[in-house]
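One structure is given here, and the rest of the page talks about it.
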Number of protein chains: 2
Amino acid sequence: MADLVNRKMVLVKRPQGMPDASCWKLVEAEEVPDPSPFHVLVEVLYLSIDPAMRAWLDEDCHVPPVAIGETMRALGVGRVLSSEDPALKPGDHVSGPLGVQQFTQLPGILLRKIDEELAPASAHVGVLGLTGGITAYFAILDKGAVQPGETVVVSAAAGCVGSIAGQIAKIKGAHVIGIAGGAHKVRHVIDELGFDDCIDYKSEDVHASLGDKAPDGVDVYFDNVGGDMLDAVLDHIREKARVVICGAISQYNNTDGVQGPSLYLRLAERDATMLGFAVTYFHERFEEAQQQLAEWLKEGKLKAPEHVEHGVENLHATMSKLFDGSHIGKLLLHP
Amino acid sequence: MADLVNRKMVLVKRPQGMPDASCWKLVEAEEVPDPSPFHVLVEVLYLSIDPAMRAWLDEDCHVPPVAIGETMRALGVGRVLSSEDPALKPGDHVSGPLGVQQFTQLPGILLRKIDEELAPASAHVGVLGLTGGITAYFAILDKGAVQPGETVVVSAAAGCVGSIAGQIAKIKGAHVIGIAGGAHKVRHVIDELGFDDCIDYKSEDVHASLGDKAPDGVDVYFDNVGGDMLDAVLDHIREKARVVICGAISQYNNTDGVQGPSLYLRLAERDATMLGFAVTYFHERFEEAQQQLAEWLKEGKLKAPEHVEHGVENLHATMSKLFDGSHIGKLLLHP
């Protein structure tokens, strides 16, 4: 398209362990062509910065990894500038695999038109997004099958998914205990998000604190962290507990393999279940989740803070926040 | 009782790692008293030698451990010699926590009368026993929910529980692959027990062989082994697989803790579930399982070989077979 130039981040090197900034290269001044047939030109508004992005960097990723020389993969929301797909028109807002760049051209079929009456554009990759509220919704309601009065523990409780997961469990009448890092996050989780309690894993012994805060044990654990924290909670599960495994942020940069849960035999001792969860398996019900989440949002039952960073060149610094935990809520990059 | 003297094995020391013979002491020439009110005097016929016995030796066992100075705990079957419990009479056969000894006196309420029309006495701690066929029955049918045409993998396939688990999966119409140690056991599992296939973990790379023998992946894995074998199978699970965790014989003597499954995130990637299983949670349905197992046994659909050792003083040597895998079928000790 005349006058538009793109700025984007291209993968140039696979990381060993924690990625550093040299894994990507900034490409500037790339001309933006008019869309091909059935393609759409999109201005990228917000990119969702997710743990999955770390997995996509490894050759042995369980989905096809980002190739060397390819624009870094990211989900995001954007605005249609011009369209050769009859289903989309300029001005429409869409979500999809937009990549870490300012503009992109994609087949319309890869994009999903978003309903701005439900919530603002950024919310569609956060509280209404796949890797945000939709993940939390199915993890808590379907996999965890949280019941009123049960004790639910949520790790990464100040992050987007954890914060919404805990709030949904509260809506369902559970007693909800978060785990987060630092006094500031703990206060946020209790005072702003309304969790019943929260453990500061940076200053407390999670195992001991769980014993104090959940003396009768844990019915549902929603885990995005793995590692020692998973073992600490496994030691406190009740009979018939459900441990929902959504991710393992503590393990993604381990070069010597993932640390498996050494207390997994608690499952057998306590008739408990560990449920693997990936939101993609619920694709037929995304609409249902979005409608319900938007309704809770409008009713004020859900709070969904966002943390926005700016500029594609800050991709590495922004992704680092996933691992150092220095943000609250949904992590977004405005390219 | 006049003339009867008991021989028994008493725990004198807790093991560090693999138990050795010095953990127990033989006590001989103990006089056997007449039963107290509501107690029953039992002659022990067969003791079930189970992995749980190893766990009972540790101070931090999830059930009360065997105390130092106490007769070694074991489930078994025996014959009532005299009874002060109106529910039992001399000549009745019973099962219960008889302990590693020739005679015992127990409250009648701890004993369960066994039906010798169903199967011979020894079968009641094997194919019809809690730690044998009843475990296999609920693990495969309830926890694993095996369906016709599914691919089922069973570890410790030449052992009592594994051998019955695999045969039940065959009865249900599954394609069943065992894992066992040594060419002799592999032949037994295929030729005698009727499994479709069997991997020799001593001479084959389990991960590679599973790729060959289950190219479309594994729907149900029944695990009594843990460790590297669990990881090898996790890498081959299909979408919506069920991994039934019954035990971890490879880990019980580890002094530096249990090796957790480092590939547990395959559960999330493949919408799969790890189900903890302990037979005690099914206590209300033991009768159902016994009736069905006895019926299959009579119809010749189930084979249940036994390996019998003799003499309480051979407790340590017999228990060692659990870990070195040098037996086929149900491991029994005739005291």
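The values are calculated or read from the model by the stated rules, or taken from the named source; none is laboratory data. Computed from a prediction, not measured in an experiment: that's the story for all the values here. Positions of Cβ are backbone-derived with ideal geometry, glycine not excepted, and every protein chain shown enters the neighbour counts.
To keep it simple, each residue is scored yes or no on (1) touching a residue at least 40 places away in the same chain (Cβ under 8 Å); (2) of a type in the set (A, V, I, L, M); (3) touching a helix residue (DSSP H, G or I) at 6+ places or on another chain (Cβ under 7 Å).
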residue	(1), (2), (3)
B:Ile190	no, yes, no
B:Ser209	no, no, no
B:Val220	yes, yes, no
B:Gly276	no, no, yes
Residues of region A:208-240 being surrounded by fewer than 22 Cβ atoms within 10 Å (Cβ to Cβ) and of a type in the set (Ser, Thr, Tyr), in sequence order, are A:Ser209
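Does region A:248-265 hold any residues that are buried (at least 21 other Cβ atoms within 10 Å of the Cβ) and more than 7 Å from chain B (Cβ to nearest Cβ), and which are they?
A:Ile249, A:Tyr252 - these are the residues of region A:248-265 that are buried (at least 21 other Cβ atoms within 10 Å of the Cβ) and more than 7 Å from chain B (Cβ to nearest Cβ).
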Does B:Phe195 satisfy the criteria of being crowded, with 24+ Cβ neighbours inside 10 Å and assigned to a loop (DSSP other than H, G, I, E, B)?
yes
Please verify whether B:Tyr281 is facing chain A (nearest Cβ under 10 Å), of a type outside the set (Val, Ile, Thr) and surrounded by 22 or more Cβ atoms within 10 Å (Cβ to Cβ), treating the condition exactly as stated.
no
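Among the residues of region B:120-131, which ones are buried (at least 24 other Cβ atoms within 10 Å of the Cβ) and either in contact with a His (Cβ under 9 Å, 6 or more places away or on another chain) or among the aromatic types (Phe, Trp, Tyr) (or both)?
Result: B:His124, single match.
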Could you say whether any residue in region B:234-242 is closer than 27 Å to A:Ala278 by Cα, touching a residue at least 40 places away in the same chain (Cβ under 8 Å) and of a type in the set (Lys, Arg)?
yes
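Here's the yes/no breakdown for (1) touching a His at 6+ places or on another chain (Cβ under 6 Å); (2) farther than 27 Å from B:Lys213 by Cα:
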site	(1), (2)
B:Ile237	no, no
B:Asn254	no, yes
B:Asp271	no, no
B:Thr318	no, yes
B:Gly329	yes, no
Residues to consider are B:Glu309, B:Glu313; find the one that is surrounded by fewer than 20 Cβ atoms within 10 Å (Cβ to Cβ) and in a helix (DSSP H, G or I).
B:Glu313
Can we say B:Gly329 is surrounded by fewer than 20 Cβ atoms within 10 Å (Cβ to Cβ), within 25 Å of B:His184 (Cα to Cα) and not charged (D, E, K, R)?
no
How many residues does region B:222-258 contain that are of a type in the set (Gly, Ala, Ser) and in contact with a helix residue (DSSP H, G or I) (Cβ under 9 Å, 6 or more places away or on another chain)?
5
Give all pairs with beta carbons closer than 8 Å in which a residue from region B:105-119 that is in a strand (DSSP E or B) and surrounded by 20 or more Cβ atoms within 10 Å (Cβ to Cβ) meets a residue that is of a type in the set (Phe, Trp, Tyr) and modelled with pLDDT of 95 or more; count only pairs at least 6 apart in sequence or on separate chains.
none
Considering only region B:168-186, state which residues are closer than 18 Å to B:Glu295 by Cβ and surrounded by 24 or more Cβ atoms within 10 Å (Cβ to Cβ).
B:Ile168, B:Ala169
Among (1) more than 16 Å from B:Leu265 (Cβ to Cβ); (2) of a type outside the set (A, V, I, L, M, F, W, C); (3) out of contact with any Asp or Glu (no Cβ under 9 Å at 6 or more places or on another chain), which single condition is A:Gly257 missing?
(1)
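Residues are listed down the side, and each one gets a yes or a no for (1) hydrophobic (A, V, I, L, M, F, W, C); (2) modelled with pLDDT of 95 or more; (3) under 30 Å from B:Asp256 (Cβ atoms):
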| residue | (1), (2), (3) |
| --- | --- |
| B:Lys8 | no, yes, no |
| B:Arg14 | no, yes, yes |
| B:Met18 | yes, no, yes |
| B:Leu45 | yes, yes, no |
| B:Asp58 | no, no, yes |
| B:Arg79 | no, yes, no |
| B:Phe103 | yes, yes, no |
| B:Leu111 | yes, yes, no |
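Of these, B:Val153, B:Val176, which one is touching a helix residue (DSSP H, G or I) at 6+ places or on another chain (Cβ under 7 Å), free of Cβ contacts under 8 Å to residues at least 60 places away in the same chain and not in a helix (DSSP H, G or I)?
When all the criteria are applied, what remains is B:Val176.
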Hey, which of the strands (runs of 3 or more DSSP E) in region A:2-73, taking only ones fully inside, have at least 3 residues that are loosely packed, with under 14 Cβ neighbours inside 10 Å, over 18 Å from the mean Cα position of the chain (by Cα) and not hydroxyl-bearing (Ser, Thr, Tyr)?
A:24-31
Where B:Asp200 falls short, out of the listed (1) surrounded by fewer than 24 Cβ atoms within 10 Å (Cβ to Cβ); (2) within 12 Å of chain A (Cβ to nearest Cβ)
(2)
Criterion first (buried (at least 19 other Cβ atoms within 10 Å of the Cβ) and either within 14 Å of chain B (Cβ to nearest Cβ) or farther than 24 Å from A:Glu306 by Cα (or both)) does A:Val243 satisfy it?
yes
Sole miss for A:Arg270 among (1) outside the structural domain of A:Pro51 (by TED's automatic domain parsing); (2) among the charged types (D, E, K, R); (3) touching a Leu at 6+ places or on another chain (Cβ under 8 Å) is condition (3)
Could you check B:Asp271 against (1) modelled with pLDDT of 95 or more; (2) out of contact with any strand residue (DSSP E or B) (no Cβ under 8 Å at 6 or more places or on another chain) and say which number it fails?
(2)
Residue satisfying all of: in region A:213-233; within 12 Å of chain B (Cβ to nearest Cβ) and either in contact with an Asp or Glu (Cβ under 6 Å, 6 or more places away or on another chain) or of a type in the set (S, T, N, Q) (or both); farthest from A:Ile249 (Cα to Cα) among these
A:Leu230
Suppose the filter is among the basic types (Lys, Arg) and in contact with a Phe, Trp or Tyr (Cβ under 9 Å, 6 or more places away or on another chain); does A:Lys170 pass it?
yes
